[in-house]
Amino acid sequence: MSSSNSKSGASRDHDFATRLGHVGRDPAAHGGTVNTPVYRASTFIWPDTASQEAQRELARDPAYRGTMYGRLGNPTTVAFEDAVAELEGGFRGLIMPSGLAAIVGAVLGVAKSGDHILVTDNVYPSARNVFLNTLTRYGIETSFFDPLDVDSLASHIRKNTRVVYLEAPGSDTFEVQDVPRIAEVAHAHGALVLFDNTWATPYFFKPFEHGVDISLHAATKYLVGHSDAMLGLIVTTRDIYADVRSTVRGLGYIAGPDDAYLALRGLRTLGVRLDRHERSAIEVAEWLSRQQAVLGVRHPAFEHHPGHAVWKRDFTGSSGLFSFELPATSPQVLNTFLDHLQLFSMGASWGGYESLVKLPHATRTFQPLDPKRQIVRLHVGLESVADLIGDLDHALGAFADARARQ
Ligand SMILES: Cc1ncc(COP(=O)(O)O)c(C=O)c1O
């Protein structure tokens with residue numbers, strides 16, 4: 001299904017690590033540059049009316065992506081779209097200005113007023129908000145299902161369900177859904193499967209081999225990988241591409257070439273970064289699971305984690321993002337923990353080289369979260385793992401002292 005647009009030597013037969021270094025590159029078309037350069041252009045000019053007419057004719061095909069006007073794409077943005085589509089085995093990509101824009105744009109591309117979307121309960125909270133508070137105003141209804149209860153999934157599907165929306169593992173609590181089984185049920189009822197692949201990236205999960213129709217990315221995270229750009233991407237199957245493209249480009253969504261370039265550059269090191277994020281995160285998670293103050297660790301690679309068997313079957317690895325649980329306590333005591341961390345900075349995002357900590361405010365419709373446990377989300381960065389464990393040790397010690405004094 002891939003558009004196979006890499007012209008720098010690697011094919012789908014090569015190892016994934018090799019392909020990461022070659023996708024989205026065409027040195028012969030760009031003056032011999034190794035990576036595809038930044039094209040800053042709103043305007044592309046035609047040398048004569050005949051070539052203008054010829055290109056307009058080609059552009060009647062909704063899948064046509066030659067460069068005509070900056071809002072429709074340029075060589076840098078198209079190279080990034082092709083690179084990720086090729087890595088995931090999707091048809092084509094559509095670059096978007098943020099991950100959330102990719103989520104909303106994809107839903108608008110396939111659903112219309114009067115449709116219903118069925119969403120995993122552990123979805124990224126901002127997606128939950130926009131589905132409930134914004135899409136509802138445009139006549140698209142949302143309800144949620146328990147990510148671990150595939151048996152009852154069919155009972156939540158309605159006559160007008162157009163989309164089953166997944167994110168595995170889910171935000172903050174990290175349960176892993178059985179994507180192929182869910183896709184089977186969704187497709188049997190005529191619904192499409194949209195999947196947020198931000199956590200695993202194509203390096204650890206191939207959505208189109210598991211029944212997904214649209215793969216979504218906050219490229220802001222691991223694809224860019226350096227916490228210095230906002231970017232999103234929608235990758236679709238061939239059948240859906242024209243509809244989604246005409247919707248999102250018709251709404252005026254595009255991203256800038258500088259950000260597309262940063263993501264193309266990020267792709268080159270995605271494998272080495274994720275290998276290290278994975279190793280360090282598991283080491284930190286194992287250490288945390290042995291600490292007295294820690295009530296539990298939520299990490300898909302842990303044997304007793306909900307959905308672990310599915311993760312082991314369908315994913316080839318885990319990234320640097322997971323959660324652990326502390327006893328719920330006063331905000332002052334929790335702040336003592338946060339304020340004693342020196343290497344884990346407080347930050348809303350993840351996926352860069354740096355370690356981050358966040359206290360998420362997750363909402364659930366099914367299986368409400370235990371109010372006696374405070375979830376702490378960590379992004380384990382590329383620093384020395386011994387230093388990171390030392391940092392957590394110091395902060396957990398301060399937390400235990402503050403609790404004892406309470
Ligand atoms: C799983 C997931 N999906 C999507 C997004 C949205 O991405 P962006 O912040 O680029 O809009 C985020 C952001 O935190 C996320 O964690």
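A few remarks follow.
- Tally of residues being of a type in the set (Asp, Glu) and away from the ligand (no atom under 15 Å from the Cβ) across the stretch 170-220: 4
- Residue in the stretch 143-164 that is hydrophobic (A, V, I, L, M, F, W, C), within 16 Å of the ligand (Cβ to nearest atom) and part of a loop (DSSP other than H, G, I, E, B) present: no
- When restricted to residues that are in a loop (DSSP other than H, G, I, E, B) and of a type in the set (Phe, Trp, Tyr), the stretch 165-211 contains 3.
- Residue list for the stretch 221-250, restricted to those being within 16 Å of the ligand (Cβ to nearest atom) and either under 15 Å from Ile103 (Cα atoms) or in the same structural domain as Ser319 (by TED's automatic domain parsing) (or both): Lys221, Met230, Leu231, Gly232, Leu233, Ile234, Val235, Val248
- All of (1) within 23 Å of Leu94 (Cα to Cα); (2) under 24 Å from the mean Cα position of the chain (by Cα) hold for Tyr64 with one exception: (2).
- Within the stretch 352-389, the residues that satisfy the criterion of being modelled with pLDDT of 95 or more and of a type in the set (A, V, I, L, M, F, W, C) are Leu356, Val357, Leu359, Ile375, Val376, Leu378, Val380, Leu382, Val385, Ala386, Leu388, Ile389.
- So Val104, is it among the hydrophobic types (A, V, I, L, M, F, W, C), more than 16 Å from Arg265 (Cα to Cα) and within 16 Å of the ligand (Cβ to nearest atom): yes
- Which listed residue is in contact with a helix residue (DSSP H, G or I) (Cβ under 7 Å, 6 or more places away or on another chain), over 18 Å from Phe91 (Cα atoms) and either at pLDDT 95 or above or surrounded by 15 or more Cβ atoms within 10 Å (Cβ to Cβ) (or both), from Thr36, Thr49: Thr36
- Taken together, the residues in the stretch 356-382 that are over 15 Å from Phe324 (Cα atoms) and in contact (Cβ under 8 Å) with a residue 60 or more places away in the chain amount to 7.
- Residue in the stretch 329-347 that is polar (S, T, N, Q) and under 25 Å from Arg19 (Cα atoms) present: no
The values are calculated or read from the model by the stated rules, or taken from the named source; none is laboratory data. For clarity, every value in this text was computed on a predicted model and none was experimentally measured. So basically every Cβ, Gly included, is an ideal-geometry build from the backbone, and we count neighbours across all protein chains shown.
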